[in-house]
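Student: One structure coming up, written as structure tokens, with questions to follow.
The values are calculated or read from the model by the stated rules, or taken from the named source; none is laboratory data. This structure is a prediction, so every number in the text was calculated from the model and none was measured. Here the Cβ positions follow ideal geometry from the backbone for every residue, glycine too, while neighbour counts run over all protein chains shown. These area figures cover heavy atoms from the full protein model, side chains too; ligands, DNA and RNA do not enter into them. Shrake-Rupley method; radii C 1.70, N 1.55, O 1.52, S 1.80 Å.
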Amino acid sequence: MNNLFDLTGKVAVITASTKGMGFEIARALGLSGAKLVVSGRSQETADAAAVRLREECGCEVAAFACDITEPESVQRFAADALAAFGRVDALVLNAAGNPPAGSLLGQTSEQLDKAMADGVRGSFELVVALAPQMIERKYGSIVFMSSRAAKRGTGVLGLYGMSKAAIDQLVRNLAVELGPSNINVNSINPGAVRTDFSRMLWENPEREKMTVATIPMGRIARPEDVAGLALLLVSGAGHYINGQNISVDGGATA
């Protein structure tokens, strides 16, 4: 049987891939044979990640700056990503802006607009720019990074949860629209992951103890725990999975 996880000859674009979950996803895809396009907020951080990935994976890597909150930067990145290897087979949308924290009743309409724009618009624009060539070739995979916050209430990150819930619905809509073109679209919904983004959940030992107490598997996720699911979803092994919002949280949602 052919290796269902073999990505040899495929081109994968991963946004916000200089560290944390994005880097581990890029690494997993590169080790499986994919050519990679990675991005960071600056060209310097993107280039540094590319050097590491070439050394660790032995794969071809193109690196570009991209600020997902800036429409011009997103459009420039889309053009660069497509030009790098002439095609995009897998698109992993890991980038998002930093949401405001606090009570929803304390947020302004401007903060609401920004949270939705930063959390949804940039990734949506990349799909609009890169999906047509997938449709033309009748093949592709799109993975959005969502969150457990899309599936449960929170008194601290309400706007973030709203933006991620919008991502999950976008996944369902795109899955219906793009499925006939042999393109699968899914989201990954991590719980607490040991990254800089969720540092507040694990940096303080007491807070980490409280977080772990809600997780049946008894630990906070590592970035590579998320990378494995991303590899499944963009490979032949998971190509028939479509329109799903899949939790990676050690059983916390259950």
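Student: Measure off, as a whole percent, the carbon and sulfur share of the 1.4 Å-probe accessible area of the chain, all protein chains present.
Tutor: Values: 6480 of 11760 Å².
About 55 percent, which is the carbon plus sulfur part of the accessible surface.
Student: Moving on to the next point. Just to check I understand the Karplus step: with θ = phi - 60° and J = 6.51 cos²θ - 1.76 cosθ + 1.60, what whole-Hz values come out for segment 178-192, glycine and proline as x?
Tutor: Values, residue by residue: 9, x, x, 9, 6, 10, 9, 10, 8, 10, 9, 10, x, x, 5 Hz.
Student: Can you tell me the 0 to 90 degree angle between the C-alpha axis of helix 43-57 and the longest principal axis of the chain, rounded to 10?
Tutor: Value to nearest ten degrees: 70.
Student: Quick check on segment 138-193: what are the equivalent-ellipsoid semi-axes from the Cα gyration tensor, as sqrt(5λ), descending, whole Å? Can you show the working numbers first?
Tutor: On the way: eigenvalues 131, 23, 7 Å².
Values for segment 138-193, descending: 26, 11, 6 Å.
Student: Something else: Which of these, N173, N94, N184, has the largest mean-square fluctuation under a Gaussian network model of the chain (Cα springs below 10 Å)?
Tutor: N173
Student: How much mean residue ellipticity at 222 nm does the chain get from its helices, if each DSSP H run of length 4 or more adds -39500 (n - 2.57) and you divide by all residues, to the nearest 500 deg cm²/dmol? Walk me through the intermediate numbers first.
Tutor: On the way: 8 runs with 107 residues, N = 254.
-13500 deg cm²/dmol, from helical runs alone.
Student: Between Q169, Q111, Q244, where does the largest GNM mean-square fluctuation fall for the chain, given springs only between Cα atoms within less than 10 Å?
Tutor: Looking only at Q169, Q111, Q244, the largest GNM fluctuation is found for Q111.
Student: If you stretched the chain out fully between R207 and T8, how much longer would it get, using 0.36 nm times the residue separation minus the C-alpha to C-alpha distance?
Tutor: Numbers: separation 199, 0.36 × 199 = 71.64 nm, distance 4.23 nm.
Between R207 and T8, full extension yields 67.4 nm more.
Student: Do the alpha carbons of any pairs in K35/K114; K10/K114; K164/K209 sit beyond 30 Å of each other, and which pairs? Provide the component values of the computation, followed by the final result.
Tutor: Values: K35/K114 33 Å; K10/K114 34 Å; K164/K209 26 Å.
Listed pairs above 30 Å: K35/K114; K10/K114.
Student: Let me ask another. Eigenvalues of the Cα gyration tensor times 5, then square-rooted: what semi-axes does that give for segment 56-195, in whole angstrom, largest first? Please report the intermediate quantities before stating the final value.
Tutor: Values: eigenvalues 154, 58, 43 Å².
The three semi-axes for segment 56-195 are 28, 17, 15 Å.
Student: What is the list of residues in segment 117-146 whose amide nitrogen lies under 15 Å from a point 7 angstrom out from the Cα of A83, following Cα to Cβ?
Tutor: Within reach of a label on A83, which here means backbone N under 15 Å from a point 7 Å along Cα→Cβ, segment 117-146 contributes nothing.
Student: So, one more: For q values of 0.15 Å⁻¹, compute log₁₀ I(q)/I(0) with the Debye formula on a Cα-only model of the chain, without solvent.
Tutor: Values returned for q = 0.15 Å⁻¹ are -1.06.
Student: Run the quick spin-label model on S42 and A101: label points 7 Å from Cα toward the beta carbon, then report their separation in nm to one decimal.
Tutor: Each label point lies 7 Å from its Cα, and together they span 2.5 nm.
Student: Report the dimensions of segment 1-88 along its three principal axes from the alpha-carbon atoms, largest first, rounded to Å.
Tutor: Computed over segment 1-88, the largest-to-smallest principal extents equal 44, 23, 18 Å.
Student: Quick one: compute a quarter of the convex hull surface over the Cα atoms of segment 77-123 and quote it in nm².
Tutor: Working: hull surface 16.1 nm².
That works out to 4.0 nm².
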